[in-house]
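J.: Starting off with a structure, shown below.
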Amino acid sequence: MSDWIILSTALAGFDHTATKHKVLATRDYLAKPEMFRGARPNIINLSRSYAYQSRGYYASLLAAARGQRVIPSVETIIDLSARKLYENAVPELEDSLNKSLREQGGDPLPSRLRVFFGTSTDPRLERFGRLLFDWFRAPILELTLKQGDWVSISKIALLPFGKLDEEGREALFQAMARYTARQWKDAKSRAPARYSFATLVDPNEALPPSSISSLKHWSRIAARMGVSVEPITRKDLPRLANFDALFIRETTSISNHTYRFARRAQQEGMPVIDDPVSMIRCTNKVYLDELMSANGIPVPDTVMLIGAEDFQRAADLLGFPMVLKVPDSSFSRGVKKVASMAELKALAGAWLHDSEVLIAQKYMPTSFDWRIGVLGGKPLFAVQYLMAKQHWQIVKHDTGGKPLEGGFKSFSLAQVPPLVLDTGLRAASSVGDGLYGVDLKETDDGVFVIEVNDNPNLEHGVEDAAEKDEVWTRLTNWFIERIAT
């Protein structure tokens with residue numbers, strides 16, 4: 001198989017003679033992971049759309065799950081989805097752009113400038129193109145420029161392949177040929193800093209991962225270790241650089257300010273929990289299912305639903321009842337049990353309007369879920385979360401009032417069944433090196449990973465009930481060790 005694969009939403013109309021690389025339909029790439037067993041091609045994603053929850057988005061997301069390098073990465077897609085996510089790159093880019101224009105002169109630039117794999121048809125912009133590509137690895141970028149004595153960048157956007165005219169496609173294919181002839185170069189990492197921790201909280205959140213009282217408990221332990229802990233809120237992004245580390249204690253989402261904080265912390269060189277990559281991976285159940293399967297970690301039987309044509313296949317493989325999930329659901333929201341084909345068609349049909357991909361899983365009833373906390377690749381805590389009363393999940397939302405939660409039982413790490421602990425560690429290590437809460441079901445058929453949470457609950461008296469203050473001490477040391485290296 002070729003080292004490079006080009007993804008296109010529609011194969012019809014794609015000039016296959018313009019590239020020596022294999023061209024594959026995005027749908028086939030998503031639906032047929034078996035095509036890549038034993039192979040790790042590099043992926044160039046030229047899908048029709050990169051919008052969140054589109055097939056193009058999932059192509060980049062699942063390429064990472066399959067261990068394949070992809071351009072644009074899902075991180076780049078998200079960074080370019082809103083100016084507030086990439087605005088910190090603009091000053092450096094504008095400096096480079098205007099310096100090149102001053103040094104070389106010539107005609108003014110067009111109001112819309114296109115850059116293909118870091119190159120432009122304007123030879124003056126060679127250095128600027130490389131810098132832009134270092135920030136945002138993408139096949140096609142379109143910059144909206146505001147002319148004047150100082151050329152400013154109003155917008156940076158991913159441009160879908162379908163919006164190129166014949167001249168633009170020729171420029172793209174020439175740039176792609178040069179790019180694929182070179183070895184893949186990973187983005188530069190930025191160096192970290194020193195000893196004051198910010199904790200991002202929302203005082204009004206109904207189900208935060210840590211209560212204010214629990215964070216005060218951590219603050220007292222951290223103070224004994226020479227670390228100050230200060231709560232911050234979403235309005236404090238401009239002063240984030242004043243701190244040395246960031247611990248996010250709001251429910252994370254790549255579509256809100258929590259992801260923006262994580263990206264800013266990473267760009268400032270701070271150790272951060274949750275880091276942006278873990279956020280992207282853990283907040284999407286489609287990615288997690290692929291990642292677990294690729295690493296040989298047991299998960300419930302799963303079917304990806306891309307359209308109505310997949311409903312019967314799900315029914316045949318999973319039977320009823322089955323569990324239907326929106327990929328980025330959390331705290332049992334966006335997770336429903338359906339008992340018949342009629343219910344599946346009604347619910348999946350509605351949800352597919354918001355997400356072009358859903359997943360259906362085998363229903364595995366248990367009286368509790370294990371939660372194994374993992375930090376830096378090592379077990380941190382173990383809890384059994386009990387199902388809410390007369391409900392099949394640990395949180396029941398449809399109560400007409402406050403969500404109803406089940407109880408819990410805390411266990412020392414030594415008390416946890418070895419298979420549960422080992423499976424939890426393997427699942428977390430496949431995601432990253434941060435803080436994770438791995439949810440597992442222990443059944444007669446074995447132990448199965450349900451999901452990996454990037455910002456697991458950490459409550460004083462619950463998750464630390466067995467291991468005590470060692471939980472908080474190890475958390476503090478995780479940050480300190482990464483600041484010091």
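The values are calculated or read from the model by the stated rules, or taken from the named source; none is laboratory data. All of these numbers come straight from a predicted model, not from anything done at the bench. Virtual Cβ from ideal backbone geometry, glycine too; neighbours counted across all protein chains shown. Calculation scope for accessible area: heavy atoms of the full protein, side chains included, ligands and nucleic acids excluded. Shrake-Rupley method; radii C 1.70, N 1.55, O 1.52, S 1.80 Å.
J.: For a test of the definition: using alpha carbon positions, the gyration tensor, and the 1.5 limit on a/c, classify the chain as rounded, prolate or oblate.
T.: Verdict is oblate for the chain.
J.: Here is a further query. How large is the convex hull of the Cα atoms of the stretch 106-173 per residue, expressed in Å³ as a whole number?
T.: Output value, Cα hull per residue: 92 Å³.
J.: Assuming 0.36 nm per residue, please report the length gained on full extension of the stretch LYS22 to LYS468 beyond their Cα-Cα distance.
T.: 155.0 nm
J.: So, one more: For ALA241 and HIS391 in one chain, what is 0.36 nm times their gap in residues minus the Cα-Cα distance, to one decimal in nm?
T.: Full extension from ALA241 to HIS391 adds 49.6 nm.
J.: Oh, and also: If you build the convex hull over the alpha carbons only and average its shadow over all orientations, what do you get for the stretch 235-317? Give it in nm² to one decimal.
T.: The directionally averaged projection comes out at 7.5 nm².
J.: Let me check something: with ligands and nucleic acids excluded, how do THR302, THR121 order by accessible area (1.4 Å probe), largest to smallest?
T.: So, going from the largest accessible area down, we get THR121, THR302.
J.: Could I ask something else about it? Calculated FRET efficiency, ARG40 and LEU317, Cβ-Cβ r, R0 30 Å, to nearest 0.05?
T.: On the way: r = 27 Å, r/R0 = 0.90.
Efficiency, rounded to the nearest 0.05: 0.65.
J.: With the cut-off at 18 Å, report for the stretch 419-474 the share of all Cα pairs above it, as a whole percent.
T.: Values: 633 of 1540 pairs.
Result: 41 percent of Cα pairs exceed 18 Å.
J.: Looking at the chain, what % of its DSSP beta bridges pair antiparallel, to the nearest 5?
T.: Roughly 70 percent of the DSSP beta bridges within the chain come out antiparallel.
J.: If you don't mind, there's one more thing I want to ask. Select from PHE247, ALA294, LEU324 the residue farthest towards the positive end of the dipole of the chain; place +1 on Cβ of Lys and Arg, -1 on Cβ of Asp and Glu, and compute about the Cα centre.
T.: In the chain, that residue is PHE247.
J.: With point charges of +1 on the Cβ of Lys and Arg and -1 on the Cβ of Asp and Glu, referenced to the Cα centre of the chain, which listed residue (ASN256, ALA198, ALA138) lies farthest in the positive direction of the dipole?
T.: ALA138
J.: Next question, about the same structure. Under 26 Å between alpha carbons, and skipping anything fewer than 8 positions from LYS20 in its own chain: which lysines qualify?
T.: Answer for LYS20, where 26 Å is the Cα cut-off: LYS32, LYS163, LYS185, listed by chain and number.
J.: Separate question: For a quick check of your reading of the filter: which trypsin sites (Lys or Arg not before Pro) in the stretch 21-72 sit in a DSSP loop and have no more than 10 other Cβ atoms within 10 Å?
T.: Numbers: sites: LYS22, ARG27, ARG37, ARG48, ARG55, ARG66, ARG69; in loops: ARG37, ARG48, ARG66, ARG69.
Those satisfying the criteria are ARG37.
J.: Specify the inter-centroid distance of the stretch 134-184 and the stretch 417-485, based on alpha-carbon positions, in whole Å.
T.: Measuring centre to centre over Cα atoms gives 41 Å.
J.: While we're looking at this one, here's another question. Which value, in Å² rounded to 10, gives the accessible area of THR17 with a 1.4 Å probe and all protein chains present?
T.: My reading of the accessible area for THR17 is about 120 Å².
J.: Take the alpha carbon atoms of the stretch 45-84, find their center, do the same for the stretch 305-369, and report the distance between the two centers in whole angstrom.
T.: About 23 Å separates the Cα centre of the stretch 45-84 from the one of the stretch 305-369.
J.: Heads up, I need the accessible area for ASP3: 1.4 angstrom probe, whole protein in place, Å², nearest 10.
T.: Accessible area, nearest 10 Å²: 110 Å².
J.: Given the pairs LYS285/LYS409; LYS362/LYS441; LYS155/LYS235; LYS336/LYS441; LYS155/LYS285, which are separated by over 20 angstrom at their Cα positions? Intermediate values should be presented prior to the final figure.
T.: Values: LYS285/LYS409 26 Å; LYS362/LYS441 12 Å; LYS155/LYS235 23 Å; LYS336/LYS441 17 Å; LYS155/LYS285 31 Å.
Cα-Cα > 20 Å for LYS285/LYS409; LYS155/LYS235; LYS155/LYS285; rest within.
J.: A further question on this structure: Treating only the Cβ atoms of Lys and Arg (+1) and Asp and Glu (-1) as charged, compute the dipole magnitude of the chain about its Cα centre; round to the nearest 20 debye.
T.: Charge dipole, the chain, about its Cα centre: 480 debye, nearest 20.
J.: Take peptides 312-322, 409-419 and line them up by average Cβ neighbours within 10 Å, highest first, as a rough protection proxy. Can you show the working numbers first?
T.: Values: 312-322: 15.8, 409-419: 13.5.
Descending packing order for the listed peptides: 312-322, 409-419.
J.: With a 1.4 Å probe and all protein chains kept in place, how much accessible area does THR233 have, in Å² rounded to the nearest 10?
T.: 40
J.: For ILE359, enumerate residues with amide H under 5 Å from its amide H, sequence gap 5+ or separate chain, H modeled in the peptide plane.
T.: Sorted by chain and number, the residues that satisfy this are LEU305, LYS325.
J.: Let me ask you something else. Ordering ASP149, ASP422 from largest to smallest accessible area (1.4 angstrom probe), what's the sequence?
T.: ASP149, ASP422
J.: Among the lysines, which have Cα under 19 Å from the Cα of LYS216 when same-chain residues fewer than 8 positions away are ignored?
T.: LYS468
J.: Taking the alpha-carbon distance from LYS99 and a cut-off under 17 Å, which aspartates and glutamates remain once sequence neighbours fewer than 8 residues away in the same chain are dropped?
T.: Those aspartates and glutamates meeting the cut-off are ASP107, ASP122, GLU126, ASP149.
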